[in-house]
Amino acid sequence: MDVAHRYRATLDFLQTRATSEEIAPWPGDGDGDGDVDFDDFALFADVFNHPSVVFDFDGDGIVSFPDLFHFSDVFGTARP
């Protein structure tokens, strides 16, 4: 499986989990490893201009520049 397919599979899995009440996702942590790093940025870039429950911070239904600004604010943070 190439990198793009691996990230897509991870993102699809996390989007399904993020809609569940079982977890409270860390903002910007697209791969679920507890921090917001370059791996999460790669996932963010993959869904830019597309719907995503993980990266649509402003709730307008699509990942766009306002979401990028929010992502940059949380980049480098980690779950306590």
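Between F38 and H50, what length in nm is gained on full extension when 0.36 nm per residue of separation is reduced by their alpha carbon distance?
Answer, rounded to one decimal: 2.4 nm.
Using 0.36 nm per residue, how much length does the chain from D60 to F75 gain when fully extended, once their Cα-Cα distance is taken away?
Value of the extension gain: 3.3 nm.
Readers should treat all values here as calculations from the given coordinates under stated rules, not as data from a laboratory. Predicted model only: the values in this text are computed from it and were never measured.
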